[in-house]
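First up is the structure itself, then whatever we jot down about it.
The values are calculated or read from the model by the stated rules, or taken from the named source; none is laboratory data. Not measured: the values here are computed from a predicted model. Here Cβ is always computed from backbone atoms with ideal geometry, including for glycine, and neighbour counts include all displayed protein chains. Surface accessibility is based on the protein's heavy atoms, side chains included, excluding ligands, DNA and RNA. Shrake-Rupley method; radii C 1.70, N 1.55, O 1.52, S 1.80 Å.
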Amino acid sequence: DTTKPALAFNAIVSPNPFGESFGLEVSTSTEEMIQVKVYDMLGKLVESREVDSKTITELQIGTTYPSGVYNVIVSQGEEVKTMRVIKR
């Protein structure tokens, strides 16, 4: 059996709460593009990006956001992870 076990898709936001910006740490076993969408608490789309799985760790998000609570949705193919982040 030569199939490697698939790495479970997971995303972590840090720091949270954040002051300036936050980054994403995504573990995945595929090289598909990763979609990052950020919504404010009213459900308005604040930011939408498509990022390569190799450069996702370099992404800094939230520098222009006002203080508040945001929902971050990270998806890759069928995998979706939703997180709540707070900007001080």
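Determine which single condition ASP1 fails, assuming it passes every other condition in (1) farther than 19 Å from VAL80 by Cβ; (2) open to solvent by 40 Å² or more (accessible area, probe 1.4 Å); (3) at pLDDT 95 or above; (4) not aromatic (Phe, Trp, Tyr).
Every listed condition holds for ASP1 apart from (3).
Restricting to segment 5-39, name every residue that is touching a Ser or Thr at 6+ places or on another chain (Cβ under 8 Å) and closer than 15 Å to TYR70 by Cα.
Answer for segment 5-39, where residues must be touching a Ser or Thr at 6+ places or on another chain (Cβ under 8 Å) and closer than 15 Å to TYR70 by Cα: GLU20, SER21, PHE22, GLY23, LEU24, VAL36, LYS37, VAL38.
Out of the residues in segment 8-63 that are free of Cβ contacts under 8 Å to residues at least 12 places away in the same chain and either within 12 Å of GLN76 (Cα to Cα) or assigned to a strand (DSSP E or B) (or both), which is most open to solvent (accessible area, probe 1.4 Å)?
Within segment 8-63, the match that is most open to solvent (accessible area, probe 1.4 Å) is LEU45.
Of (1) of a type in the set (Lys, Arg); (2) loosely packed, with under 15 Cβ neighbours inside 10 Å; (3) in contact (Cβ under 8 Å) with a residue 24 or more places away in the chain, LYS81 satisfies all except one. Which?
Checking LYS81 against (1) of a type in the set (Lys, Arg); (2) loosely packed, with under 15 Cβ neighbours inside 10 Å; (3) in contact (Cβ under 8 Å) with a residue 24 or more places away in the chain, the one that fails is (2).
Filter segment 64-88 for residues that are in a loop (DSSP other than H, G, I, E, B) and within 17 Å of ASN10 (Cβ to Cβ) and give the result.
Residues satisfying the conditions are GLY77, GLU78.
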